[in-house]
Each structure stands twice: as structure tokens, then as C-alpha cells.
Amino acid sequence: MRPPAPFLRSVRAEGLPGRGWPWEVPAVRALEDGLDLDAAVVMLCGDNGTGKSTIVEALAVELGVNAEGGSRNFRFATRETATPLAEHLVVTRRAGPRPVDSFFLRAETYFNVATEIERLGGPLDSYGGTSAHERSHGEGFLDLATNRFGPGGLYLLDEPESALSVHGCLALLAVIADLAKAGAQFIVATHSPILLACPDALRYETGPDGIAPIEYDDAGPVRLTRDFLADPQRFVHHLLASD
Ligand SMILES: Nc1ncnc2c1ncn2[C@@H]1O[C@H](COP(=O)(O)OP(=O)(O)O)[C@@H](O)[C@H]1O
Ligand SMILES: [Mg+2]
């Protein structure tokens, strides 16, 4: 049995308009039926452009976490990130304590988060003691995950693997799995077959038909990576031949 979620149990969209972005994205539409989030680790995989970021970002806004990445204390925006979906989301929470910390990480805008952490001043202990501008993108992100993320926190991560080596992904997987056991909750959009292997995760795949629960072995990134690694040269040969 998968342990229940400490904070968020489900999300549902109400009163969605019919036409235009993001209402016509099938995964967004599927939220009208409600999405079970009742697990310490919820993972969304699915091809590019299927709505993962739209959903994770809207959830972050609805929860009051900065839409460009950061914690509840960060209020900055370097581009228009307002997502119209947030106001239609209805989140069901578990009765009990609120998260002691929350953080939304968009890998693509982590640079801006690093700038904001510097601008706010104060101790950098939560971030490993060094400004993220003086670390590589991957190092900075692992600093954040290792030093800032903690038990009892709620973390929304959008493609956190972007800056990480395979080794770094394994390190992040260990952080997520350990903290999930210690009362944290993670909602993660990812293409990483490594991160998707997180034990007891509730996994979904977004696609043209909406959102569906998926087993690890059936998830797109896992199947495709397996096929590729089984015989890379043959795979590449077929790929090029089919052009
Ligand atoms: N601000 C926007 N305005 C219009 N369309 C957008 C916007 N952001 C994303 N889209 C489109 O919405 C769809 C879902 O995007 P996104 O949620 O970023 O997908 P994913 O994260 O799964 O790759 C894509 O077709 C994308 O091009
Ligand atoms: Mg995305």
C-alpha cells in the first residue's frame, strides 16, 4: 500500500472556458474529472507540450508559491507567467498541519531564483552556503535539494533533471525518496526514467487523451530509454533511416 499524502489529496478544475489556451490542452481538460494526488510523491510524465508545466505551475500559483520558481516569500517575475488555470483549481487538502516549507522549482528559470536569493541577502545556509551563481546549474540545484528541502515540506518541481547528470539524478532521487518517507510531498513533472523510479510514486502520463495513471514499466520515458539502451546503434540506424 502506498502511504497517503501528507498535504494535497486531489485537485479538480471547475468552470473551465471552452476555447483557447490552456483550455484545449487535453490534460488540462482532464482535470475537470479530478486528479488524485494522494501520495507523498506524484509524478507527471508525458511528451513535450502535453500540459505538465501548465498544470504544475497553476498548482503552484493556487498554493501561493511563486510562479517562476521559489518559495512563498519570493514575489518576483521577470516575465509574464500568470496562468489563467490557477483560479479554476480546487485543491483538497488533508486535515492536519500545513507544510513547514514550500518551493516551486522551474528548472528553466532557476537562474532567476538564484538572483533573488542573493538579492534578499541573509544566510545562504539553506542553499549550501554558496550563491548558486557561483555553482554550476546542476550543483546549485542539488545544493537546494540537499540543504533547503526538508521533512514536512511541499515541493513542486518542473523537470528538475534538466541540469543534472545521471549521477545527479540519482542523488536527487535519493533526496526525494528519503524526504517522502519523512513527511514531505513532491509533485514532479519529469522525463527522467531515473526520477520516475521513485518508490511508491503515483505516476501519471499526460497526452492527447488527457491524463492517465501509468505503471513505471509502461511510462514513455522508461520504454523508450530501454529500447534505446538495448541496442543504441541499431536504434540510431532506424531513426536515421526513417527520416
Ligand atoms: N503562455 C502560453 N500561451 C499559449 N500556449 C502555451 C503557453 N504556454 C504553453 N503553451 C502551449 O500549451 C501546451 C502545453 O504546454 P506545457 O504545459 O508547457 O507542456 P509540457 O510541460 O508538458 O511540455 C503546449 O502546446 C504549449 O505550446
Ligand atoms: Mg514543461
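The values are calculated or read from the model by the stated rules, or taken from the named source; none is laboratory data. Treat the numbers as computed from the prediction; the structure is a model and nothing was measured. Quick reminder, even Gly has a Cβ in these numbers, built from the backbone with ideal geometry, and neighbours come from all protein chains shown. Side chains included, ligands, DNA and RNA excluded: accessible areas come from the protein's heavy atoms. Shrake-Rupley method; radii C 1.70, N 1.55, O 1.52, S 1.80 Å.
Which of the residues that make up region 1-30 are touching a helix residue (DSSP H, G or I) at 6+ places or on another chain (Cβ under 8 Å) and within 16 Å of ligand 2 (Cβ to nearest atom)?
If the condition is that a residue be touching a helix residue (DSSP H, G or I) at 6+ places or on another chain (Cβ under 8 Å) and within 16 Å of ligand 2 (Cβ to nearest atom), then 22, 25, 27, 28 are the ones that fit.
Scan region 170-191 for residues that are open to solvent by less than 10 Å² (accessible area, probe 1.4 Å) and either part of a loop (DSSP other than H, G, I, E, B) or of a type in the set (A, V, I, L, M, F, W, C) (or both) and jot them down. Steps first, answer last, please.
Within region 170-191, the first condition is being open to solvent by less than 10 Å² (accessible area, probe 1.4 Å), and the residues that meet it are 172, 176, 184-190.
Within region 170-191, 172, 176, 184, 186, 187, 188, 189, 190 meet the criteria.
Assigned to a loop (DSSP other than H, G, I, E, B) and modelled with pLDDT of 95 or more, is that true of residue 16?
For residue 16, the condition - assigned to a loop (DSSP other than H, G, I, E, B) and modelled with pLDDT of 95 or more - is met.
Take the conditions under 18 Å from residue 215 (Cβ atoms) and away from ligand 2 (no atom under 16 Å from the Cβ) and apply them to residue 47. Does it pass?
no
Quick one: in region 30-71, which of the residues that are more than 23 Å from residue 161 (Cβ to Cβ) and at pLDDT 95 or above is least open to solvent (accessible area, probe 1.4 Å)?
Taking the candidates together, the pick is 31.
Can you pull out every residue in region 13-53 that is free of Cβ contacts under 8 Å to residues at least 12 places away in the same chain and more than 15 Å from ligand 1 (Cβ to nearest atom)?
18
Which of the residues belonging to region 24-36 are at negative phi and either touching a Lys or Arg at 6+ places or on another chain (Cβ under 6 Å) or of a type outside the set (A, V, I, L, M) (or both)?
24, 26, 29, 32, 33, 36
When region 154-169 is examined, which residues are found to be open to solvent by less than 30 Å² (accessible area, probe 1.4 Å) and either among the β-branched types (Val, Ile, Thr) or over 14 Å from the mean Cα position of the chain (by Cα) (or both)?
Residues of region 154-169 open to solvent by less than 30 Å² (accessible area, probe 1.4 Å): 154-158, 160-161, 164, 168-169.
Correct list: 164, 168.
Which residue, of 74, 111, is modelled with pLDDT under 90 and open to solvent by less than 20 Å² (accessible area, probe 1.4 Å)? Spell out the reasoning first.
On the way: 111 fails: open to solvent by less than 20 Å² (accessible area, probe 1.4 Å).
Going through 74, 111 in turn, just one is modelled with pLDDT under 90 and open to solvent by less than 20 Å² (accessible area, probe 1.4 Å): 74.
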